[in-house]
Amino acid sequence: MRVLPAGDRALLLELPDARVRRAVDAALRDDPPPGLIDLVPAATTVLLRFDGPDRLAAAVRDLPRVDAVGVRLPVDAGEPLVVPTSYDGEDLDEVAPLLGTDAAGLVAWHTSQVFTVEFGGFLPGFGYLGGPGEAPEVPRRRSPRTRIPAGAVGLAGRWTGIYPQASPGGWQIIGRTRLPVWDVRRDPPGLLTPGRRVRFVDAGPLGDGPASDATSAASRGDSPGVSDAEVVAVGPLALIEDLGRHGLGAVGVPTGGAADRVAHRLANRLVGNPEDAATIELLLGGLELHAVSDLLVAATGAPAPLAVSGRPVAWASPVHVPAGARIAVGVPGHGVRSYLAVRGGVAAERVLGSRSGDPTTGLGPPPLRVGDRLRVGSDPGGVVRSSDLTPAAHRWGGVTLRVVLGPADDWFDAASIARLTTTTWRVSSHSDRVGVRLDGGTLQRRRAGERPSEGVVRGAVQVPASGEPLIFLADHPTTGGYPVIAVVVDDDTDLLAQCRPGDTVRMRVVPRPW
């Protein structure tokens with residue numbers, strides 16, 4: 001067993017084969033180390049994520065005690081799940097020759113297999129399906145697509161997968177299905193649970209309708225005729241966020257939550273809320289609310305003009321908004337994400353334990369729109385803070401991020417590792433809550449081939465075959481197959497969440513915490 005660093009709050013166990021991985025995963029679930037908040041199994045690895053660096057260091061000392069001998073593993077004895085598939089994927093004709101066949105031969109092979117879900121990850125409900133014996137290796141795309149539709153059936157490495165909802169991704173798409181493999185209204189919500197057997201059948205053309213109903217339960221907290229505030233205007237994106245979902249990485253559910261947790265926590269602290277109360281995260285401002293009830297609010301994060309019924313009010317301070325008034329958040333001059341907290345928190349429905357909205361997966365409340373009615377939770381009873389108690393102002397513009405090398409830094413040559421920390425990178429316009437793409441150069445691998453999918457964390461610096469790095473943020477997938485050269489220290493990812501396109505990013509290597 002190799003123990004590899006994955007930032008300052010996670011580690012990756014690299015194991016000799018899938019059976020040992022399953023046994024170690026089961027043993028750790030039966031007897032988790034203190035401070036463990038998520039456990040993400042993958043092909044031959046297990047990612048352990050902790051609530052702090054000290055817990056991580058203590059767990060590393062105790063890892064030799066992990067006993068996976070005699071662990072009994074579940075076996076699926078039922079009939080295989082049948083997946084009707086239209087083999088009309090846009091990569092079918094390009095992938096087939098890589099496997100020494102044509103499109104018809106690839107389809108014949110794919111429909112002759114009985115696959116098994118080896119592990120979950122990447123997206124909620126996404127299962128990595130392995131076939132019997134040695135499966136052919138399929139390279140991922142050199143650069144991932146920005147959107148793959150729900151129901152797409154793809155190949156990558158030796159795996160088959162079905163996209164439960166629309167998402168960015170680098171898999172080679174060979175077909176599509178309308179089978180809803182993930183729906184939080186079901187119990188359990190996912191069909192592709194580890195150990196389940198799956199068989200694909202050629203269903204012919206499916207037409208142009210939606211590929212899959214991957215609907216997620218979502219609520220803005222609306223109640224007909226009842227509200228504490230109504231949305232009058234929104235900017236580019238306004239989301240309800242708390243501190244996210246934890247412990248669900250094994251079934252592909254991202255942590256999500258506020259992109260800038262420092263600003264989110266501060267906003268809640270100013271109005272006396274617990275830190276996990278739901279706030280409104282604004283991308284480039286533009287929100288206006290009509291107060292139906294008396295409200296106590298505070299705005300933090302990227303500083304912007306703030307007004308109540310046209311009268312300017314203080315930023316990062318508690319502000320009383322009387323019933324009938326309007327509060328407006330303008331466009332920030334620096335940074336990209338502002339946070340509006342209201343005493344009591346936004347009372348949206350919890351989905352899988354969190355009120356956070358995730359635009360990529362569709363989990364939780366959808367983005368706010370004009371006309372939405374918002375409810376506020378009960379008074380938390382906390383102390384309201386004045387602005388002179390707030391921490392130092394957030395930094396804006398260019399940032400220097402601390403990074404821990406690994407877990408896959410050995411996939412890169414020495415020049416690329418040096419380039420990582422000597423280059424002044426710039427934030428690309430192709431950045432969002434999933435991750436920040438960086439312009440300014442490329443990092444070259446010294447190994448050929450594909451890295452097996454493995455768990456990834458917020459702050460992971462992933463490098464696709466194109467060599468252009470991407471740093472994961474709040475809504476990142478739970479697993480990925482591109483090598484991770486380094487991981488940003490967890491606290492520093494909040495700074496990255498405020499970077500605008502064109503802002504500079506530099507990286508500085510720090511020692512791993514164990």
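The values are calculated or read from the model by the stated rules, or taken from the named source; none is laboratory data. Remember, it's a predicted structure, so these values are computed and weren't measured experimentally. Quick reminder, even Gly has a Cβ in these numbers, built from the backbone with ideal geometry, and neighbours come from all protein chains shown.
Take Glu288 and decide whether it is within 25 Å of Arg500 (Cβ to Cβ) and not assigned by TED's automatic domain parsing to the domain that holds Leu495.
On the way: within 25 Å of Arg500 (Cβ to Cβ): yes; not assigned by TED's automatic domain parsing to the domain that holds Leu495: yes.
Here the answer is yes, as Glu288 does meet what is asked.
Matching residues to (1) modelled with pLDDT under 95; (2) surrounded by fewer than 18 Cβ atoms within 10 Å (Cβ to Cβ); (3) within 23 Å of Gly157 (Cα to Cα):
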position	(1), (2), (3)
Leu389	yes, yes, no
Ala418	no, yes, no
Ser428	no, yes, no
Gln444	yes, yes, yes
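Got a sec? Which strands (runs of 3 or more DSSP E) wholly within the stretch 298-392 have at least 1 residues that are under 17 Å from Gly286 (Cβ atoms)?
Working: elements: 306-308, 319-321, 326-329, 337-342.
Here the list reads 306-308, 326-329, 337-342.
When you scan the stretch 135-149, do you find a residue that is among the acidic types (Asp, Glu) and part of a helix (DSSP H, G or I), even just one? Walk me through how you get there before you give the answer.
Here is the first cut: in the stretch 135-149, the ones among the acidic types (Asp, Glu) are 137.
Retained after the next criterion (residues that are part of a helix (DSSP H, G or I)): none.
Checked against the condition, which is being among the acidic types (Asp, Glu) and part of a helix (DSSP H, G or I), the stretch 135-149 yields no hits at all.
Can you find, within the stretch 169-186, the residue that is surrounded by the most Cβ atoms within 10 Å (Cβ to Cβ) among those that are of a type in the set (A, V, I, L, M), under 23 Å from the mean Cα position of the chain (by Cα) and in a loop (DSSP other than H, G, I, E, B)? So that I can check it myself, show each step before the final result.
Pass one, the stretch 169-186, residues of a type in the set (A, V, I, L, M): 173-174, 179, 181, 184.
Adding the requirement that they be under 23 Å from the mean Cα position of the chain (by Cα) leaves 173, 181, 184.
Now restrict to residues that are in a loop (DSSP other than H, G, I, E, B): 181, 184.
Details: Val181: 27, Val184: 22.
The selected residue is Val181.
Note down all Cβ pairs under 6 Å where the first residue falls in the stretch 160-179 and is within 15 Å of Pro477 (Cβ to Cβ), the second is not in a loop (DSSP other than H, G, I, E, B) and not aliphatic (A, V, I, L, M), and they're at least six residues apart or on different chains.
Pairs found: Gly161/Phe126; Gly161/Gly154; Pro164/Gly125; Pro164/Phe126; Pro164/Trp182; Ala166/Arg147; Pro168/Thr146; Trp171/Gly154.
Would the stretch 496-505 turn up any residue that is over 30 Å from Pro332 (Cα atoms), more than 15 Å from the chain's Cα centre (by Cα) and not basic (Lys, Arg)? Full working, then the answer.
Pass one, the stretch 496-505, residues over 30 Å from Pro332 (Cα atoms): none.
Within the stretch 496-505 (the criterion being over 30 Å from Pro332 (Cα atoms), more than 15 Å from the chain's Cα centre (by Cα) and not basic (Lys, Arg)), the answer is no, since none of the residues qualifies.
Rundown of residues vs (1) within 23 Å of the chain's Cα centre (by Cα); (2) at positive phi; (3) modelled with pLDDT under 95, yes/no style:
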site: Val319; (1), (2), (3): no, no, no
site: Gly330; (1), (2), (3): no, no, no
site: Val342; (1), (2), (3): no, no, no
site: Val346; (1), (2), (3): yes, no, no
site: Pro367; (1), (2), (3): yes, no, no
site: Ser378; (1), (2), (3): no, no, yes
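Do we have Arg2 as surrounded by fewer than 17 Cβ atoms within 10 Å (Cβ to Cβ) and within 21 Å of Pro254 (Cα to Cα) here?
Working: surrounded by fewer than 17 Cβ atoms within 10 Å (Cβ to Cβ): yes; within 21 Å of Pro254 (Cα to Cα): no.
No.
Have a look at Leu289, Leu340, Leu295, Leu282 and point out the one that is under 30 Å from Arg49 (Cβ atoms), touching a residue at least 60 places away in the same chain (Cβ under 8 Å) and of a type outside the set (Gly, Ala, Ser). Don't jump to the end; show me each part of the working.
On the way: Leu289 fails: under 30 Å from Arg49 (Cβ atoms); Leu295 fails: under 30 Å from Arg49 (Cβ atoms); Leu282 fails: touching a residue at least 60 places away in the same chain (Cβ under 8 Å).
Criteria check complete, one pass: Leu340.
Out of all the residues in the stretch 336-349, is one or more over 27 Å from Val436 (Cβ atoms) and surrounded by fewer than 15 Cβ atoms within 10 Å (Cβ to Cβ)?
Checked against the condition, which is being over 27 Å from Val436 (Cβ atoms) and surrounded by fewer than 15 Cβ atoms within 10 Å (Cβ to Cβ), the stretch 336-349 yields at least one hit.
Given the options Thr85, Thr44, name the one that is at pLDDT below 95, surrounded by 12 or more Cβ atoms within 10 Å (Cβ to Cβ), among the β-branched types (Val, Ile, Thr) and within 26 Å of Gly252 (Cα to Cα).
Numbers: Thr85 fails: at pLDDT below 95.
When all the criteria are applied, what remains is Thr44.
Identify, please: which residue in the stretch 463-474 is under 14 Å from Arg141 (Cα atoms) and of a type outside the set (A, V, I, L, M, F, W, C) and is, among those, surrounded by the most Cβ atoms within 10 Å (Cβ to Cβ)?
Here is the first cut: in the stretch 463-474, the ones under 14 Å from Arg141 (Cα atoms) are 463-468.
Still in the running and of a type outside the set (A, V, I, L, M, F, W, C): 464, 466-468.
Numbers: Pro464: 20, Ser466: 14, Gly467: 16, Glu468: 18.
For the stretch 463-474, the residue satisfying everything is Pro464.
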